[in-house]
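J.: Please read through the structure below; I'll follow up with questions.
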Amino acid sequence: MSPSRVLRALLLSLLLSAPLAPGPGFAQSSQDIIFHSNLDEHGGYSDVWGYTAPNGDEYAILGAWNGTAVINVSDPIAPYETAFFPGAFSTWRDIKTYGHHAYICNESSGGIVILDLSDPENPVERAPYLGISTAHNLFIDESTARCYIAGSNLGFGGLRILSLASPENPVEVGSWENSYIHDVVVNDNRAYCAAIFSGQLVMLDVANPAAIPLSIGIVQNYVSAFTHNAWMTDDNQFVMTTDEVAGSSIRMWDVSNPVAPVQTDSYRPNPAGAPHNAHLDGGLAYISHYTAGVRVVDISDPYTLTEVGFYDTYPSGNGSTFDGCWGVFP
(Lines give C-alpha, C1' and ligand atoms only; values in the text may rest on other atoms or scores of the structure.)
Protein backbone atom coordinates (compact mmCIF):
# COMPACT_ATOMS: atom_id res chain seq x y z
CA MET A 1 0.00 0.00 0.00
CA SER A 2 3.04 2.30 0.16
CA PRO A 3 4.46 2.86 -3.33
CA SER A 4 7.96 3.65 -4.43
CA ARG A 5 6.71 5.21 -7.64
CA VAL A 6 3.46 5.88 -9.50
CA LEU A 7 3.35 6.48 -13.24
CA ARG A 8 1.66 9.16 -15.33
CA ALA A 9 -2.00 9.69 -16.13
CA LEU A 10 -2.66 7.85 -19.38
CA LEU A 11 -5.60 8.19 -21.77
CA LEU A 12 -6.54 4.85 -23.29
CA SER A 13 -9.33 3.47 -25.47
CA LEU A 14 -10.71 -0.04 -25.31
CA LEU A 15 -11.28 -1.96 -28.52
CA LEU A 16 -12.71 -5.41 -28.98
CA SER A 17 -10.73 -6.39 -32.03
CA ALA A 18 -7.09 -7.43 -32.37
CA PRO A 19 -3.85 -6.94 -30.39
CA LEU A 20 -2.29 -3.52 -30.80
CA ALA A 21 1.18 -2.09 -30.59
CA PRO A 22 2.03 -0.22 -27.39
CA GLY A 23 2.24 3.55 -27.16
CA PRO A 24 5.72 4.97 -27.74
CA GLY A 25 7.89 4.98 -24.67
CA PHE A 26 5.34 3.29 -22.41
CA ALA A 27 3.91 -0.21 -22.45
CA GLN A 28 5.81 -3.29 -23.44
CA SER A 29 2.56 -4.96 -24.45
CA SER A 30 -1.13 -4.35 -24.91
CA GLN A 31 -4.20 -6.03 -26.27
CA ASP A 32 -7.29 -4.29 -27.63
CA ILE A 33 -6.47 -1.01 -25.89
CA ILE A 34 -5.03 2.02 -27.71
CA PHE A 35 -2.70 4.55 -26.09
CA HIS A 36 -3.76 8.14 -26.88
CA SER A 37 -1.73 10.48 -24.67
CA ASN A 38 -0.37 11.14 -21.21
CA LEU A 39 0.10 14.00 -18.78
CA ASP A 40 2.67 14.17 -16.01
CA GLU A 41 2.43 17.64 -14.53
CA HIS A 42 2.71 16.77 -10.84
CA GLY A 43 4.93 13.71 -10.47
CA GLY A 44 2.96 11.20 -8.42
CA TYR A 45 -0.70 10.14 -8.45
CA SER A 46 -3.10 7.90 -6.57
CA ASP A 47 -6.55 7.81 -8.18
CA VAL A 48 -8.78 9.32 -10.85
CA TRP A 49 -12.47 10.03 -11.39
CA GLY A 50 -14.49 11.46 -14.26
CA TYR A 51 -16.95 14.31 -14.79
CA THR A 52 -19.10 15.14 -17.82
CA ALA A 53 -20.15 18.78 -18.19
CA PRO A 54 -23.66 19.71 -19.38
CA ASN A 55 -22.23 20.57 -22.82
CA GLY A 56 -20.80 17.05 -23.13
CA ASP A 57 -17.16 17.91 -22.47
CA GLU A 58 -15.38 15.26 -20.42
CA TYR A 59 -12.96 15.86 -17.57
CA ALA A 60 -10.62 13.72 -15.50
CA ILE A 61 -10.17 14.70 -11.87
CA LEU A 62 -6.77 13.41 -10.87
CA GLY A 63 -5.57 12.91 -7.32
CA ALA A 64 -1.89 13.85 -7.16
CA TRP A 65 0.31 13.49 -4.10
CA ASN A 66 0.39 17.28 -3.71
CA GLY A 67 -3.15 18.24 -4.75
CA THR A 68 -5.94 17.73 -7.27
CA ALA A 69 -5.86 18.38 -11.03
CA VAL A 70 -8.86 18.98 -13.30
CA ILE A 71 -8.10 17.91 -16.87
CA ASN A 72 -10.17 18.37 -20.03
CA VAL A 73 -10.00 15.04 -21.88
CA SER A 74 -12.67 15.74 -24.51
CA ASP A 75 -9.96 15.36 -27.13
CA PRO A 76 -8.00 12.34 -25.87
CA ILE A 77 -5.12 13.20 -28.17
CA ALA A 78 -4.69 16.66 -26.64
CA PRO A 79 -5.82 16.75 -22.99
CA TYR A 80 -5.07 19.88 -20.98
CA GLU A 81 -5.21 20.86 -17.34
CA THR A 82 -7.79 23.53 -16.50
CA ALA A 83 -6.87 23.92 -12.82
CA PHE A 84 -4.74 22.53 -10.03
CA PHE A 85 -5.66 22.81 -6.36
CA PRO A 86 -2.68 22.31 -4.03
CA GLY A 87 -3.32 20.19 -0.96
CA ALA A 88 -1.56 18.48 1.91
CA PHE A 89 1.03 15.99 0.69
CA SER A 90 -0.54 12.53 0.76
CA THR A 91 0.17 9.29 -1.03
CA TRP A 92 -3.58 8.66 -1.02
CA ARG A 93 -6.05 11.15 -2.54
CA ASP A 94 -9.44 9.96 -3.80
CA ILE A 95 -12.23 11.76 -5.63
CA LYS A 96 -15.94 11.31 -6.33
CA THR A 97 -18.51 13.64 -7.91
CA TYR A 98 -22.12 14.58 -7.23
CA GLY A 99 -23.90 16.94 -9.58
CA HIS A 100 -21.39 19.65 -10.44
CA HIS A 101 -19.32 19.18 -7.29
CA ALA A 102 -16.25 17.03 -6.62
CA TYR A 103 -15.42 15.71 -3.15
CA ILE A 104 -11.82 14.81 -2.33
CA CYS A 105 -10.25 13.09 0.67
CA ASN A 106 -6.66 12.35 1.63
CA GLU A 107 -4.81 10.71 4.52
CA SER A 108 -2.86 13.76 5.72
CA SER A 109 -5.13 16.69 6.63
CA GLY A 110 -7.64 19.21 5.35
CA GLY A 111 -10.97 17.39 5.67
CA ILE A 112 -13.14 16.76 2.61
CA VAL A 113 -12.21 19.24 -0.12
CA ILE A 114 -15.16 20.45 -2.22
CA LEU A 115 -14.73 21.73 -5.78
CA ASP A 116 -17.43 23.55 -7.73
CA LEU A 117 -17.33 22.34 -11.34
CA SER A 118 -20.13 24.57 -12.63
CA ASP A 119 -17.50 25.93 -15.01
CA PRO A 120 -14.96 23.10 -15.26
CA GLU A 121 -12.66 25.30 -17.31
CA ASN A 122 -12.46 27.52 -14.23
CA PRO A 123 -13.37 25.35 -11.23
CA VAL A 124 -13.56 26.88 -7.77
CA GLU A 125 -12.62 25.42 -4.39
CA ARG A 126 -15.34 25.87 -1.77
CA ALA A 127 -15.05 25.61 2.01
CA PRO A 128 -14.06 22.06 3.04
CA TYR A 129 -16.07 19.74 5.25
CA LEU A 130 -14.11 19.59 8.50
CA GLY A 131 -16.20 17.10 10.44
CA ILE A 132 -13.34 14.72 9.73
CA SER A 133 -9.66 15.49 9.13
CA THR A 134 -8.56 12.55 6.98
CA ALA A 135 -10.02 9.57 5.14
CA HIS A 136 -8.82 6.84 2.82
CA ASN A 137 -11.70 6.85 0.36
CA LEU A 138 -15.28 7.91 -0.26
CA PHE A 139 -18.27 6.98 -2.41
CA ILE A 140 -21.36 8.99 -3.34
CA ASP A 141 -24.75 7.37 -3.86
CA GLU A 142 -26.37 9.89 -6.18
CA SER A 143 -29.85 8.40 -5.77
CA THR A 144 -29.90 9.33 -2.07
CA ALA A 145 -27.46 12.27 -2.12
CA ARG A 146 -25.28 10.59 0.49
CA CYS A 147 -21.50 10.47 0.76
CA TYR A 148 -20.01 7.39 2.42
CA ILE A 149 -16.56 7.94 3.91
CA ALA A 150 -14.19 5.02 4.55
CA GLY A 151 -11.12 4.93 6.77
CA SER A 152 -11.49 8.31 8.45
CA ASN A 153 -9.60 9.53 11.50
CA LEU A 154 -12.72 9.07 13.65
CA GLY A 155 -13.47 6.00 15.76
CA PHE A 156 -12.04 2.80 14.30
CA GLY A 157 -11.96 4.29 10.81
CA GLY A 158 -15.26 2.67 9.92
CA LEU A 159 -18.05 4.16 7.84
CA ARG A 160 -19.27 7.76 8.10
CA ILE A 161 -22.38 8.82 6.19
CA LEU A 162 -22.93 12.42 5.09
CA SER A 163 -26.02 14.00 3.56
CA LEU A 164 -25.30 16.12 0.48
CA ALA A 165 -28.79 17.62 0.39
CA SER A 166 -26.92 20.92 0.52
CA PRO A 167 -23.90 19.97 -1.62
CA GLU A 168 -21.54 22.59 -0.19
CA ASN A 169 -22.63 21.94 3.40
CA PRO A 170 -22.43 18.19 4.14
CA VAL A 171 -24.01 16.96 7.37
CA GLU A 172 -23.23 13.65 9.09
CA VAL A 173 -26.37 11.49 9.32
CA GLY A 174 -25.00 8.09 10.34
CA SER A 175 -21.99 5.91 11.09
CA TRP A 176 -20.83 2.30 11.49
CA GLU A 177 -17.69 1.67 13.52
CA ASN A 178 -17.51 -2.10 14.01
CA SER A 179 -14.38 -2.41 11.86
CA TYR A 180 -11.90 -0.34 9.86
CA ILE A 181 -13.26 0.13 6.32
CA HIS A 182 -10.76 0.66 3.52
CA ASP A 183 -13.20 1.25 0.67
CA VAL A 184 -16.96 1.34 0.13
CA VAL A 185 -19.46 1.28 -2.73
CA VAL A 186 -23.23 1.61 -2.39
CA ASN A 187 -26.17 0.58 -4.57
CA ASP A 188 -29.89 0.46 -3.76
CA ASN A 189 -29.28 1.08 -0.03
CA ARG A 190 -26.76 -1.75 0.21
CA ALA A 191 -23.22 -0.76 1.20
CA TYR A 192 -20.34 -3.08 0.27
CA CYS A 193 -17.53 -2.35 2.72
CA ALA A 194 -13.97 -3.61 2.24
CA ALA A 195 -12.75 -4.42 5.76
CA ILE A 196 -9.17 -4.96 4.65
CA PHE A 197 -7.55 -5.89 7.96
CA SER A 198 -10.36 -8.30 8.82
CA GLY A 199 -10.19 -9.88 5.36
CA GLN A 200 -13.93 -9.37 4.92
CA LEU A 201 -16.47 -7.81 2.62
CA VAL A 202 -19.19 -6.54 4.94
CA MET A 203 -22.62 -5.85 3.43
CA LEU A 204 -24.77 -3.29 5.25
CA ASP A 205 -28.36 -2.15 4.92
CA VAL A 206 -28.08 1.65 4.92
CA ALA A 207 -31.69 2.51 4.07
CA ASN A 208 -31.99 4.34 7.39
CA PRO A 209 -28.62 5.97 8.07
CA ALA A 210 -29.83 7.51 11.32
CA ALA A 211 -30.03 4.01 12.78
CA ILE A 212 -26.86 1.94 13.08
CA PRO A 213 -26.55 0.26 9.66
CA LEU A 214 -27.50 -3.41 9.82
CA SER A 215 -25.05 -6.09 8.68
CA ILE A 216 -26.87 -8.36 6.22
CA GLY A 217 -23.97 -10.54 5.10
CA ILE A 218 -20.21 -11.09 5.11
CA VAL A 219 -17.79 -12.54 2.56
CA GLN A 220 -14.86 -14.05 4.45
CA ASN A 221 -12.63 -17.08 5.06
CA TYR A 222 -11.08 -17.39 1.61
CA VAL A 223 -7.44 -17.66 0.51
CA SER A 224 -5.40 -14.41 0.66
CA ALA A 225 -8.31 -12.48 2.17
CA PHE A 226 -7.17 -8.85 2.43
CA THR A 227 -10.24 -7.12 1.06
CA HIS A 228 -9.03 -3.90 -0.51
CA ASN A 229 -11.88 -2.90 -2.80
CA ALA A 230 -15.27 -4.06 -4.06
CA TRP A 231 -17.71 -3.13 -6.82
CA MET A 232 -21.17 -4.54 -7.48
CA THR A 233 -23.17 -5.23 -10.63
CA ASP A 234 -26.06 -2.86 -11.31
CA ASP A 235 -28.63 -5.41 -10.13
CA ASN A 236 -26.86 -6.09 -6.80
CA GLN A 237 -26.70 -9.80 -7.62
CA PHE A 238 -22.91 -10.04 -7.91
CA VAL A 239 -19.91 -8.23 -6.45
CA MET A 240 -16.22 -8.28 -7.40
CA THR A 241 -13.52 -8.06 -4.73
CA THR A 242 -9.81 -7.34 -4.91
CA ASP A 243 -7.24 -8.41 -2.31
CA GLU A 244 -4.05 -6.36 -2.21
CA VAL A 245 -1.79 -9.40 -1.94
CA ALA A 246 0.91 -10.49 -4.40
CA GLY A 247 -0.37 -13.22 -6.68
CA SER A 248 -3.93 -13.11 -5.36
CA SER A 249 -6.95 -13.63 -7.57
CA ILE A 250 -9.76 -11.18 -8.18
CA ARG A 251 -13.01 -12.84 -7.18
CA MET A 252 -16.64 -12.59 -8.27
CA TRP A 253 -19.35 -13.46 -5.73
CA ASP A 254 -23.04 -14.23 -6.02
CA VAL A 255 -24.60 -12.11 -3.27
CA SER A 256 -28.23 -12.47 -4.33
CA ASN A 257 -28.61 -14.05 -0.90
CA PRO A 258 -26.19 -11.92 1.13
CA VAL A 259 -26.42 -14.26 4.11
CA ALA A 260 -24.85 -17.03 2.02
CA PRO A 261 -22.51 -15.51 -0.62
CA VAL A 262 -20.97 -17.92 -3.14
CA GLN A 263 -17.85 -17.42 -5.25
CA THR A 264 -18.70 -17.81 -8.93
CA ASP A 265 -15.28 -17.42 -10.55
CA SER A 266 -11.89 -15.75 -10.18
CA TYR A 267 -9.41 -13.98 -12.44
CA ARG A 268 -5.66 -13.48 -12.26
CA PRO A 269 -3.48 -12.01 -15.01
CA ASN A 270 -0.16 -13.48 -16.04
CA PRO A 271 2.13 -12.26 -14.57
CA ALA A 272 -0.08 -11.73 -11.55
CA GLY A 273 1.55 -9.02 -9.42
CA ALA A 274 -0.89 -7.51 -6.91
CA PRO A 275 -4.36 -6.17 -7.72
CA HIS A 276 -5.53 -2.74 -6.57
CA ASN A 277 -9.06 -1.67 -7.53
CA ALA A 278 -11.89 -2.92 -9.75
CA HIS A 279 -14.57 -0.67 -11.27
CA LEU A 280 -17.55 -2.41 -12.88
CA ASP A 281 -19.38 -0.71 -15.74
CA GLY A 282 -21.98 -2.58 -17.73
CA GLY A 283 -20.63 -6.00 -18.62
CA LEU A 284 -16.98 -5.12 -18.04
CA ALA A 285 -14.64 -4.81 -15.07
CA TYR A 286 -11.88 -2.22 -15.37
CA ILE A 287 -9.04 -3.15 -13.03
CA SER A 288 -6.02 -1.14 -11.91
CA HIS A 289 -3.50 -3.89 -11.32
CA TYR A 290 -0.28 -2.15 -10.24
CA THR A 291 2.62 -3.52 -12.30
CA ALA A 292 0.23 -5.50 -14.54
CA GLY A 293 -1.30 -2.21 -15.69
CA VAL A 294 -4.92 -1.78 -16.77
CA ARG A 295 -6.87 -5.01 -17.17
CA VAL A 296 -10.36 -5.29 -18.67
CA VAL A 297 -12.45 -8.37 -17.90
CA ASP A 298 -15.76 -9.44 -19.44
CA ILE A 299 -18.17 -10.16 -16.56
CA SER A 300 -21.33 -10.62 -18.64
CA ASP A 301 -21.23 -14.23 -17.46
CA PRO A 302 -20.21 -13.95 -13.79
CA TYR A 303 -19.39 -17.66 -13.77
CA THR A 304 -16.81 -17.28 -16.55
CA LEU A 305 -14.60 -14.21 -16.21
CA THR A 306 -12.66 -13.51 -19.41
CA GLU A 307 -9.91 -10.97 -20.00
CA VAL A 308 -10.70 -8.95 -23.14
CA GLY A 309 -8.02 -6.27 -23.01
CA PHE A 310 -4.97 -4.96 -21.18
CA TYR A 311 -2.38 -2.22 -21.31
CA ASP A 312 0.94 -2.50 -19.49
CA THR A 313 1.40 0.92 -17.87
CA TYR A 314 4.55 -0.17 -16.04
CA PRO A 315 7.11 -1.54 -18.51
CA SER A 316 9.88 -1.50 -15.88
CA GLY A 317 8.79 -4.76 -14.30
CA ASN A 318 6.08 -7.23 -13.39
CA GLY A 319 6.75 -7.80 -9.71
CA SER A 320 4.53 -7.54 -6.66
CA THR A 321 5.44 -3.94 -5.81
CA PHE A 322 2.89 -1.13 -5.61
CA ASP A 323 4.27 0.62 -8.68
CA GLY A 324 2.28 1.16 -11.85
CA CYS A 325 -1.46 1.58 -12.22
CA TRP A 326 -3.31 2.71 -9.09
CA GLY A 327 -6.61 3.81 -10.61
CA VAL A 328 -8.72 3.58 -13.76
CA PHE A 329 -12.01 5.29 -14.62
CA PRO A 330 -14.03 3.99 -17.58
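The values are calculated or read from the model by the stated rules, or taken from the named source; none is laboratory data. Note that the structure is predicted; figures quoted are calculated from it, not measured. All Cβ positions, even for glycine, are placed from backbone atoms using ideal geometry, and neighbour counts span all protein chains on display.
J.: Of all residues in the stretch 30-79, which are hydroxyl-bearing (Ser, Thr, Tyr) and either out of contact with any Leu (no Cβ under 8 Å at 6 or more places or on another chain) or at pLDDT 95 or above (or both)? Even if it seems obvious, please write down each step before you answer.
T.: Residues of the stretch 30-79 that are hydroxyl-bearing (Ser, Thr, Tyr), as a first pass: 30, 37, 45-46, 51-52, 59, 68, 74.
The answer is 46, 51, 52, 59, 68, 74.
J.: Checking residue 143 against (1) of a type in the set (Gly, Ala, Ser); (2) closer than 16 Å to residue 168 by Cα; (3) in contact with an Asp or Glu (Cβ under 9 Å, 6 or more places away or on another chain): exactly one of these is not met. Which one?
T.: (2)
J.: Quick check: anything in the stretch 85-92 part of a loop (DSSP other than H, G, I, E, B), of a type in the set (Phe, Trp, Tyr) and closer than 26 Å to residue 310 by Cβ? Show your work before the answer.
T.: Initial filter on the stretch 85-92 (part of a loop (DSSP other than H, G, I, E, B)): 87-92.
If we keep only those that are of a type in the set (Phe, Trp, Tyr) as well, we get 89, 92.
Filter once more, keeping what is closer than 26 Å to residue 310 by Cβ: 92.
Yes, some residue in the stretch 85-92 is part of a loop (DSSP other than H, G, I, E, B), of a type in the set (Phe, Trp, Tyr) and closer than 26 Å to residue 310 by Cβ.
J.: Also, I was wondering about something else. Among the residues of the stretch 269-285, how many are assigned to a strand (DSSP E or B) and over 12 Å from residue 307 (Cβ atoms)?
T.: The total comes to 5.
J.: Out of (1) at pLDDT 95 or above; (2) in a loop (DSSP other than H, G, I, E, B), what's the single condition that is false for residue 16?
T.: Condition (1) is where residue 16 drops out.
J.: If you don't mind, there's one more thing I want to ask. Confirm whether residue 77 is assigned to a loop (DSSP other than H, G, I, E, B), over 21 Å from residue 276 (Cα atoms) and β-branched (Val, Ile, Thr).
T.: Working: assigned to a loop (DSSP other than H, G, I, E, B): yes; over 21 Å from residue 276 (Cα atoms): yes; β-branched (Val, Ile, Thr): yes.
Considered against the rule, which asks whether it is assigned to a loop (DSSP other than H, G, I, E, B), over 21 Å from residue 276 (Cα atoms) and β-branched (Val, Ile, Thr), residue 77 comes out as yes.
J.: Filter the stretch 312-330 for residues that are surrounded by 23 or more Cβ atoms within 10 Å (Cβ to Cβ) and under 18 Å from the mean Cα position of the chain (by Cα) and give the result.
T.: Hits for the stretch 312-330 are 313, 324, 325, 326, 328.
J.: For the subset of the stretch 214-231 comprising residues that are under 24 Å from residue 326 (Cβ atoms) and of a type in the set (Gly, Ala, Ser), which member is modelled with the highest pLDDT?
T.: Ranking the candidates gives 230 first.
J.: Suppose we keep only residues that are touching a Gly at 6+ places or on another chain (Cβ under 7 Å) and not in a strand (DSSP E or B) within the stretch 214-232. Which one would you say is surrounded by the fewest Cβ atoms within 10 Å (Cβ to Cβ)?
T.: Taking the stretch 214-232 first, the residues touching a Gly at 6+ places or on another chain (Cβ under 7 Å) are 220, 225-227.
Restricting the remaining residues to those that are not in a strand (DSSP E or B) gives 220, 225-226.
Numbers: 220: 14, 225: 19, 226: 20.
Only one residue tops the list, namely 220.
J.: Taking the criterion of being surrounded by fewer than 17 Cβ atoms within 10 Å (Cβ to Cβ), within 19 Å of the chain's Cα centre (by Cα) and under 23 Å from residue 261 (Cβ atoms), would at least one residue in the stretch 282-297 satisfy it?
T.: yes
J.: What single numbered condition from (1) under 30 Å from residue 195 (Cβ atoms); (2) within 20 Å of the chain's Cα centre (by Cα); (3) not acidic (Asp, Glu) fails to hold for residue 131?
T.: Only one criterion is unmet by residue 131, namely (2).
J.: Sticking with this one: So which residues in the stretch 233-268 are assigned to a loop (DSSP other than H, G, I, E, B), among the acidic types (Asp, Glu) and touching a Phe, Trp or Tyr at 6+ places or on another chain (Cβ under 9 Å)?
T.: The initial filter retains those residues of the stretch 233-268 that are assigned to a loop (DSSP other than H, G, I, E, B), namely 233-237, 244-249, 255-261, 268.
Those left that are additionally among the acidic types (Asp, Glu): 234-235, 244.
Listed by number, the list holds a single entry, 244.
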